[in-house]
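Enquirer: My structure is below; once you've seen it, I'll send some questions.
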Amino acid sequence: MTTPCATTAPAPLVVVAGAVIAQGRVLATRRATGTLAGLWEFPGGKPEPGESPQECIERELMEELGITVRAESFLARNVHAYEAVSISLSLYVVTVLGGSPELREHDQSRWLAGDELHSLCWAPADIPLLEAVGRVLAAPPA
């Protein structure tokens, strides 16, 4: 009799996103294409080999939005299982150093105050991160 082999789920795909915060608001972007088209997210992407999460978010926001940012601090992480893939989404607070957001891979963007965070239809992996972003937006400016 053959016994089944133990299987392990593949490791989640690592994704890094940025909570771009300016003047007490955070930038949300809406996906233009793919299975999550029409859903809102914190912009970001996948790290390249050898790239730190901070380097990834700085590169991704330049590619996606044309802005120069500095990753300030890790904020939160969520592991979410979509139908086809699981992702480990890490969110970093970032500061804009230069440029204004240009939509290159998204079809809309909005600057949201803390009380507006739940007004959008978010990608499922981003939803658990809203609480942490809300706390940052509610904190008094440094």
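Enquirer: Only one residue in Gly44, Gly50 is modelled with pLDDT of 95 or more and either over 12 Å from the mean Cα position of the chain (by Cα) or surrounded by fewer than 17 Cβ atoms within 10 Å (Cβ to Cβ) (or both). Which one?
Expert: Gly50
Enquirer: Follow-up. Between a first residue in segment 12-29 that is more than 15 Å from Leu61 (Cα to Cα) and a second residue that is loosely packed, with under 14 Cβ neighbours inside 10 Å and modelled with pLDDT of 95 or more, which pairs have beta carbons less than 7 Å apart while being 6 or more apart in sequence or on different chains?
Expert: Pro12/Val79; Leu13/Lys46; Val14/Lys46
Enquirer: OK, next. Considering each residue of segment 75-93, count those that are among the aliphatic types (A, V, I, L, M) and touching a Ser or Thr at 6+ places or on another chain (Cβ under 9 Å), and give that number.
Expert: 5
Enquirer: If you check Ala76, Ala142, Ala84, which single one turns out to be at pLDDT 95 or above and outside any helix (DSSP H, G or I)? Explain how you work it out, then say what you get.
Expert: Working: Ala142 fails: at pLDDT 95 or above; Ala84 fails: at pLDDT 95 or above.
Ala76 is the lone residue from the list that is at pLDDT 95 or above and outside any helix (DSSP H, G or I).
Quick grid of which residues meet (1) of a type outside the set (A, V, I, L, M); (2) closer than 21 Å to Pro141 by Cβ; (3) assigned to a loop (DSSP other than H, G, I, E, B):
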position: Val16; (1), (2), (3): no, no, no
position: Thr35; (1), (2), (3): yes, no, yes
position: Leu61; (1), (2), (3): no, no, no
position: Leu103; (1), (2), (3): no, no, yes
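Enquirer: Then there is this: Scan segment 56-88 for residues that are closer than 20 Å to Thr8 by Cα and either β-branched (Val, Ile, Thr) or in contact with a Gly (Cβ under 9 Å, 6 or more places away or on another chain) (or both) and jot them down.
Expert: Val79, Val85, Ile87
Enquirer: Between residues in segment 46-62 that are touching a residue at least 24 places away in the same chain (Cβ under 8 Å) and over 15 Å from Leu89 (Cα atoms) and residues that are among the β-branched types (Val, Ile, Thr) and outside any helix (DSSP H, G or I), which pairs lie under 6 Å by C-beta distance while being six or more apart or on different chains?
Expert: Sorted first by the residue in segment 46-62, then by its partner, the pairs are Glu58/Val69; Leu61/Ile67; Leu61/Val69.
Enquirer: So which residues in segment 87-142 are farther than 18 Å from Ala76 by Cβ, in contact (Cβ under 8 Å) with a residue 40 or more places away in the chain and surrounded by 14 or more Cβ atoms within 10 Å (Cβ to Cβ)?
Expert: Listed by number, the residues that qualify are Val96, Pro101, Leu103, Glu105, His106, Ser109, Arg110, Trp111, Ala113.
Enquirer: I need a count of the residues in segment 87-110 that are polar (S, T, N, Q) and under 11 Å from Ile67 (Cα atoms). Write out each step before concluding.
Expert: Initially, segment 87-110 is screened for residues polar (S, T, N, Q), giving 88, 90, 95, 100, 108-109.
Subset that is under 11 Å from Ile67 (Cα atoms): 95, 100.
Number of matching residues: 2.
Enquirer: Something else about it: Hey, does segment 54-62 have a residue that's under 24 Å from Gln23 (Cα atoms) and either small (Gly, Ala, Ser) or touching a helix residue (DSSP H, G or I) at 6+ places or on another chain (Cβ under 6 Å) (or both)?
Expert: no
The values are calculated or read from the model by the stated rules, or taken from the named source; none is laboratory data. Quick caveat: nothing in here was measured; it's all calculated off a predicted structure. We place every Cβ from the backbone using ideal geometry, glycine too, and count neighbours over all the protein chains shown.
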